[in-house]
1. Among the DSSP beta bridges whose two residues both lie in the chain, what percent are antiparallel, rounded to the nearest 5?
2. Full extension from Gln173 to Leu190: what is 0.36 nm times the residue separation minus their Cα-Cα distance, to one decimal in nm?
3. Which whole-Hz ³J(HN,Hα) couplings does the range 64-75 yield from phi under the Karplus relation 6.51 cos²θ - 1.76 cosθ + 1.60, θ = phi - 60°, glycine and proline marked x?
4. Answer rounded, prolate or oblate for the range 160-278, using the Cα gyration tensor with square roots of eigenvalues a ≥ b ≥ c: rounded when a/c is under 1.5, else prolate when a/b is larger than b/c, else oblate.
5. Between their Cα atoms, which of Lys70/Lys259; Lys223/Lys252; Lys186/Lys259 are more than 21 Å away from each other?
6. Find how much the distance from Lys231 to His157 grows on full extension, using 0.36 nm per residue of separation minus their present alpha carbon separation; answer in nm with one decimal.
7. Expressed in nm to one decimal, what extension gain is obtained for the pair Thr199 and Asp248 from 0.36 nm per residue of sequence separation less their Cα-Cα distance?
8. Non-local amide H neighbours of Ala57 (under 5 Å, H modeled in plane, Pro and chain starts lacking H): which ones?
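The values are calculated or read from the model by the stated rules, or taken from the named source; none is laboratory data. Because the structure is a prediction, the values reported are computed rather than measured. Cβ atoms come from the backbone with ideal geometry, glycine included; neighbour counts cover every protein chain shown. To get the accessible areas, we keep the full protein, side chains included, count just its heavy atoms, and leave off ligands, DNA and RNA. Shrake-Rupley method; radii C 1.70, N 1.55, O 1.52, S 1.80 Å.
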Amino acid sequence: MKISADMVRQLRERTGAGMMECKKALVQTEGDLDAAAENLRKAGIAKADKKAGRVAAEGVIAAAVAEGGKQAVLVEVNSETDFVGNGDDFRGFANTVASVALGLGSEDVEALAGADFSDGKTVDEARRELTARVGENITIRRISRVSSDGQIAHYSHGGRIGVLVAYEGGDEQLGQDLAMHVAAAKPQYLDESAVPGDTLTKEREILIAQAEGSGKPANIIEKMVEGRLRKFLGEITLMGQPFVKDPDMSVKKLVAAAKATVGAYQRFEVGEGIEKGGDDFAAEVAALSGSN
């Protein structure tokens, strides 16, 4: 029987075992997922079997910056509770994972899982050992890489928000100000040119529909729409936003005054986009404690 990549993925998500171990187990059981999971448990490989299905939406955003500051990565590593996410073991693991990701030169989480962690262990093997040790599902969710011909600023807000900003010109303070601004203001795009055309078209259609209800002449409606569209772009783009330290100045003017340019930025926040179930691990622990 042919073992598909999707079957291997399902078994990995269920057991936390490595890709090759999952494929081998599926071959031995002729594609029977239940039997393969049971065999991995019997072999002591699937220590995280029951934990792998739990939602991991806490954790930390770890960063690594290359010597010389031309390359940097952000990595989101998740746990089920902030108790584990704030632990030294977990944060040490996340920081090492970020360093490995930086050297790997890829944003592929699967490739990172198979990379060397330390002492002959892969990142995924180290992850499964930590999962077994702390008793929670530990996942490596995503990686983002930023490069610059100039320099890269990094800012972390309590480990829950991580920001990288690639810029040229200006000084270190400018970089820190930009990174802190991105952390606070959550821009969706760098500047107007980065906003997708369909996003602008949709917003324009909405604004026209709103303005037409005012009963004003077409030429006035056109001016109203253009004005509101400029305001919309100012809200969603880094360059258009008011600078958090001085709302009277836009980020674009701040950067221009420093004779600098911003090439790219990245912002990660722990758990963003993850839909938590009604029952989480913390609630489960509380329920068990109350029943004793």
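1. If we restrict to bridges inside the chain, about 95 percent are antiparallel.
2. 4.2 nm
3. Karplus-based 3J(HN,Hα) across the range 64-75 equals 9, 10, 5, 4, x, x, 9, 9, 7, 9, 10, 10 Hz.
4. Values: a/c = 2.64, a/b = 1.47, b/c = 1.80.
In terms of gyration-tensor shape, oblate.
5. Lys223/Lys252; Lys186/Lys259
6. On the way: separation 74, 0.36 × 74 = 26.64 nm, distance 2.79 nm.
Using 0.36 nm per residue and subtracting the Cα-Cα distance, I get 23.8 nm.
7. Between Thr199 and Asp248, full extension yields 14.9 nm more.
8. Result for Ala57 returns Ser79.
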